[in-house]
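These notes are about the structure you will find just below.
The values are calculated or read from the model by the stated rules, or taken from the named source; none is laboratory data. From a predicted model like this one, the values you see are computed outputs, not experimental measurements. Cβ coordinates were reconstructed from backbone atoms using ideal geometry, including for glycine residues, and neighbour counts include every protein chain displayed. Only protein heavy atoms, including side chains, enter the accessible area calculation; ligands, DNA and RNA are left aside. Shrake-Rupley method; radii C 1.70, N 1.55, O 1.52, S 1.80 Å.
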Amino acid sequence: MRQLFALFSLWFTAVAFPAAAQDLEAPLVEERATEALSVLQGDALAENIFDPAFLQDVSAEQLIELGERLESEFGKPVVVESINPTSAYSSGLTVRFERGIGMGQITLSPADPHRITGLQFTSFHPLNDSIEKIEAELEALPGEIAVLFTPLADTGAPIFSLNPDAQMAIGSTFKLYVLSALARSINTGERNWNDVVVVDRKSFPSGQLQAWPDGTPMTLQTLATMMITISDNTATDMLFHELGRSKVEAEMEIVGHSDPARNKPFLSTLELFALKGSDGNLRKYIAANETAKRRILDDFQDDVGGDPAKVEPPRFVQPTAIGTVEWFASASDLKQLAVRLAQIDDPTARMILSVNPSLPPELTQGWSYTGYKGGSEPGVLNLTWLLRDKAGQWHMLTMGWNDPNQPLENARLELLAQRLLRLAR
C-alpha cells in the first residue's frame with residue numbers, strides 16, 4: 001500500500017563507481033543531460049546515452065513513458081539551465097520545460113564514454129501557478145477528490161478546501177488511528193514505548209517484517225516506526241492485535257470521526273487482504289450486518305490467526321470493493337486526527353511521523369516540523385501531512401483520491417500536493 005515511485009523520480013545507480021581522478025567537465029555533463037532529455041522524448045536511443053547497468057533496471061520504454069508524463073504536466077523540455085557539480089561524477093541538474101522548472105541530479109560513469117548511471121528529478125516548479133489552476137486540475141481528475149489544507153486552530157480559515165466532508169477510502173493512512181491509540185495507551189500507563197513483543201503474526205507486504213523469523217523481539221516503538229515509515233503491514237497487525245480492535249475503534253470515536261460506523265468492524269491488514277482475495281467471502285462480508293461481520297472476523301481469527309500462508313492474497317491489479325471493504329475517513333476527520341497528534345504531550349508519535357516526510361528538502365525546510373503518512377492501492381490514494389510553521393502554528397494537508405473504475409496515477413496527486421505547499425510558503 002506504499003507508493004512505489006516518488007514524484008516523477010528515477011534513481012538507479014546499479015554500480016558503485018570509485019571517484020574519478022579529476023572532475024568531469026561541466027560541458028560533458030550538460031551534453032549528457034541534454035541527450036537524456038532526447039531519450040525521454042523518444043528522439044535518441046537509450047543504449048547510446050545510459051549505462052547498461054542503468055538500463056537493466058529501467059528500460060528504454062519506461063524512460064519514454066516518464067518523458068510522456070513530464071510533457072503532459074510541464075510541456076516539452078526547452079533547455080538544461082544549470083549544472084552544479086556535487087562530486088567527481090555527479091551534478092545537480094536544472095531543466096526548463098515549457099511550463100515548469102525541473103530540479104534533480106545526474107550521475108555519469110567516470111569511465112569513457114561517460115554514460116549516465118543515475119538520473120533523478122526530485123522536484124518541479126510549475127510556472128505561473130495558482131490556487132485556481134490547482135483546483136481546476138483536481139476537479140478534472142476522474143473519480144472523487146477530497147482535499148483540505150488548513151491551520152489546525154479553530155479560528156484558522158482553510159487555505160484550500162475541496163469536498164472536505166466526503167467519506168473516502170484512505171488505504172494505509174488508517175495506521176494513524178493505530179498510532180494514536182498506541183500513544184493513548186502509553187499515556188495512560190498501560191504500555192511503554194520500550195515494551196517488547198515478539199513476532200507472532202504476519203501479513204502481506206508492504207513492509208519487511210513479514211520475512212523476519214517468528215519470535216523476533218520488537219519494541220512497540222520499533223513496530224510503530226516500521227508501521228508509519230515503510231507502511232509495514234505486519235508491524236501494523238501486531239500493534240492492532242496488542243491494542244485490540246475495540247481500542248482502535250474507540251480511538252476513532254474519541255478523536256472525532258464523523259461516521260465511525262463506516263469503519264466497524266475495524267479491519268486488520270490481513271483481514272482486508274483475505275476478504276479481497278476471495279470473491280465469495282467478500283460478497284458474504286459485504287452483505288452482512290455489523291454483528292455478522294464480527295462473527296466472520298472471529299471465525300477468521302480461529303482459522304487463520306496471523307498466518308498469511310492460509311490466505312489467498314488479492315491481486316491488487318484493479319480497484320476491489322474500495323467503497324465497502326476499506327478504511328474510511330473524510331478530510332475533516334483527518335483534520336481531527338491531526339489535531340490529536342499535534343496535541344500529544346509525549347513527542348514520540350510525532351518523531352515517528354517525521355522520519356519519512358515524503359517531500360523534497362526545499363519544501364520541508366519551509367516548516368519547523370513535517371510528518372507524513374499516506375496510503376494507496378488500486379483506486380485509492382491518500383496523502384496526509386502534519387505541519388508546523390516557523391511561528392509554531394500547526395497545519396495539515398490531506399489529499400484523497402478514489403476511483404472504483406481504474407488504478408490511479410499517484411504522481412499526479414503528489415505533484416498537486418507539492419504545488420499547494422509551494423504556493424503556501
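The single residue among Ala169, Ala157 that is crowded, with 16+ Cβ neighbours inside 10 Å and in contact with a strand residue (DSSP E or B) (Cβ under 8 Å, 6 or more places away or on another chain) turns out to be Ala169. Taking the criterion of being farther than 16 Å from His395 by Cα, assigned to a helix (DSSP H, G or I) and open to solvent by less than 30 Å² (accessible area, probe 1.4 Å), the residues of region 335-360 that qualify are Thr348, Ala349, Ile352. Scanning region 73-82 for residues that are of a type in the set (A, V, I, L, M, F, W, C) and either modelled with pLDDT of 90 or more or open to solvent by 60 Å² or more (accessible area, probe 1.4 Å) (or both) yields Val78, Val79, Val80. For Asp303, the conditions (1) in contact (Cβ under 8 Å) with a residue 24 or more places away in the chain; (2) open to solvent by 30 Å² or more (accessible area, probe 1.4 Å) are fulfilled apart from (1).
Inside region 50-72, residues that are open to solvent by 30 Å² or more (accessible area, probe 1.4 Å) and not in a loop (DSSP other than H, G, I, E, B) make up a count of 13.
Restricting attention to region 93-123, and to residues there that are open to solvent by 10 Å² or more (accessible area, probe 1.4 Å) and of a type in the set (Gly, Ala, Ser), which single residue is farthest from the chain's Cα centre (by Cα)? Taking the candidates together, the pick is Ala111. Residues considered: Val178, Val147. Of these, the only one that is within 30 Å of Pro77 (Cβ to Cβ), in contact with a Ser or Thr (Cβ under 9 Å, 6 or more places away or on another chain) and of a type outside the set (Gly, Ala, Ser) is Val147. The residues listed here are Arg294, Arg315; of these, the one that is modelled with pLDDT under 95 and among the charged types (D, E, K, R) is Arg315. From the list Trp367, Trp385, the lone residue that is assigned to a loop (DSSP other than H, G, I, E, B) and either open to solvent by 10 Å² or more (accessible area, probe 1.4 Å) or in contact (Cβ under 8 Å) with a residue 24 or more places away in the chain (or both) is Trp367. The condition of being surrounded by fewer than 24 Cβ atoms within 10 Å (Cβ to Cβ), in a strand (DSSP E or B) and at pLDDT 95 or above holds for only one of Met218, Met226, that being Met218. Annotation note: Cβ proximity below 9 Å between a residue of region 208-237 that is free of Cβ contacts under 8 Å to residues at least 24 places away in the same chain and a residue that is open to solvent by less than 10 Å² (accessible area, probe 1.4 Å) and acidic (Asp, Glu) (sequence gap 6+ or interchain) occurs for Met226/Asp232. Within region 126-141, the set of residues being open to solvent by less than 50 Å² (accessible area, probe 1.4 Å), in contact with a Lys or Arg (Cβ under 9 Å, 6 or more places away or on another chain) and not hydrophobic (A, V, I, L, M, F, W, C) comprises Pro126, Asp129.
Cβ-Cβ contacts under 8 Å between residues 6 or more apart (or on different chains), taken from a first residue in region 146-165 that is at positive phi to a second residue that is open to solvent by 30 Å² or more (accessible area, probe 1.4 Å), are listed as Asn163/Glu144.
For region 316-334, what are the residues that are open to solvent by less than 30 Å² (accessible area, probe 1.4 Å), in a loop (DSSP other than H, G, I, E, B) and farther than 16 Å from Ala274 by Cα? Across region 316-334, the qualifying residue is only Ser330.
Conditions (1) over 22 Å from Ser161 (Cβ atoms); (2) under 16 Å from the mean Cα position of the chain (by Cα), marked per residue:
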site: Leu337; (1), (2): no, no
site: Asp345; (1), (2): yes, no
site: Asn356; (1), (2): yes, yes
site: Gly375; (1), (2): no, yes
site: Leu386; (1), (2): no, yes
site: Leu397; (1), (2): no, yes
site: Glu414; (1), (2): no, yes
site: Arg419; (1), (2): no, no
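Looking at region 133-162, which of its residues are within 21 Å of the chain's Cα centre (by Cα) and in a loop (DSSP other than H, G, I, E, B)? Scanning region 133-162 gives Leu141, Pro142, Gly143. Go through the residues of region 49-72 one by one and say whether even a single one is more than 30 Å from the chain's Cα centre (by Cα), modelled with pLDDT of 85 or more and within 29 Å of Lys133 (Cβ to Cβ). Within region 49-72 (the criterion being more than 30 Å from the chain's Cα centre (by Cα), modelled with pLDDT of 85 or more and within 29 Å of Lys133 (Cβ to Cβ)), the answer is no, since none of the residues qualifies. All conditions in (1) charged (D, E, K, R); (2) out of contact with any Phe, Trp or Tyr (no Cβ under 6 Å at 6 or more places or on another chain); (3) open to solvent by less than 70 Å² (accessible area, probe 1.4 Å) hold for Glu249, with the sole exception of (2).
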